[in-house]
Amino acid sequence: EIQVAEIGNYISEETPEYFRTNHYAILFITQGTLSAIINQISIEMKAPAAAFIFNDHVLHYNSSSPDLKIRLLSFSPVIAEKLMLSLPYDKLHFAYVRPASQIDAPNMQTIMLYLDLVEELMRKETPNRQTTILHLIRSLVSFFYGFYADSLSSQKPLSRAEELTGRFLS
């Protein structure tokens with residue numbers, strides 16, 4: 001239901017050209033570059049960066065640098081519902097039409113600490129482990145969304161088409 005993983009530059013013959021996600025995910029690009037298409041929106045990311053991927057998004061891998069490293073946080077729709085994220089609706093649609101964002105080094109370092117802690121707790125059998133992990137993920141997403149929304153304000157405003165598309169999809 002919840003996964004934290006580190007992914008390198010790995011593409012095989014079995015990797016489909018296009019595929020639809022069945023989980024929510026945040027890709028944290030910690031090294032290298034990645035070029036992809038998320039729901040027909042081209043993204044070019046250079047570390048440090050991140051991208052939101054929502055349940056049922058269609059992904060297409062274009063290319064990446066040989067040194068690509070991604071830290072992935074993925075969770076099922078059931079976990080997303082349990083997280084009860086209270087992200088502001090008026091800004092959430094931005095993540096549908098502009099799914100990628102640069103991250104400064106200190107914030108990326110904090111995010112990696114969150115992910116390390118989630119991974120450590122997932123390996124241990126402790127009382128209230130799932131509740132603690134859910135609280136950590138909720139806190140991480142809230143932390144990330146805070147500066148993600150701030151970075152959007154420094155970008156050009158959404159076009160009318162982007163605004164309508166984002167609202168429709170969210």
- request: Considering each of LEU115, LEU121 in turn, give the residue that is modelled with pLDDT of 85 or more, within 15 Å of the chain's Cα centre (by Cα) and not in a loop (DSSP other than H, G, I, E, B).
  value: LEU115
- line: Turns out the strands (runs of 3 or more DSSP E) fully within the stretch 36-80 with at least 3 residues that are of a type in the set (A, V, I, L, M, F, W, C) are 41-46, 49-53, 69-75
- request: Determine which member of the set ILE38, ILE53 is open to solvent by less than 30 Å² (accessible area, probe 1.4 Å), under 14 Å from the mean Cα position of the chain (by Cα) and touching a residue at least 60 places away in the same chain (Cβ under 8 Å).
  value: ILE38
- request: Just need a number here: residues in the stretch 65-112 that are at pLDDT 85 or above and of a type in the set (A, V, I, L, M, F, W, C).
  value: 13
task: Could you look through the stretch 104-134, keep only residues that are touching a Ser or Thr at 6+ places or on another chain (Cβ under 8 Å) and within 30 Å of SER35 (Cβ to Cβ), and pick out the one that is most open to solvent (accessible area, probe 1.4 Å)?
output: TYR114
message: Quick check on my filter: what residues within the stretch 135-148 are crowded, with 17+ Cβ neighbours inside 10 Å and aliphatic (A, V, I, L, M)?
response: ILE137, LEU140, VAL141
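Inside the stretch 16-35, can you point out the residues that are part of a strand (DSSP E or B) and farther than 16 Å from ALA95 by Cα?
Once the filter is applied, which keeps residues that are part of a strand (DSSP E or B) and farther than 16 Å from ALA95 by Cα, the stretch 16-35 yields TYR18, PHE19, ARG20, ILE29, THR30, GLN31, THR33, LEU34, SER35.
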- request: Scan the stretch 92-112 residue by residue and report those that are assigned to a helix (DSSP H, G or I) and in contact with a Leu (Cβ under 7 Å, 6 or more places away or on another chain).
  value: PHE94, TYR96, VAL97, ILE111
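The values are calculated or read from the model by the stated rules, or taken from the named source; none is laboratory data. All figures in this text were calculated on a predicted structure; none of them were measured in a lab. Positions of Cβ are backbone-derived with ideal geometry, glycine not excepted, and every protein chain shown enters the neighbour counts. Areas reflect the complete protein model, heavy atoms only, side chains present, ligands, DNA and RNA absent. Shrake-Rupley method; radii C 1.70, N 1.55, O 1.52, S 1.80 Å.
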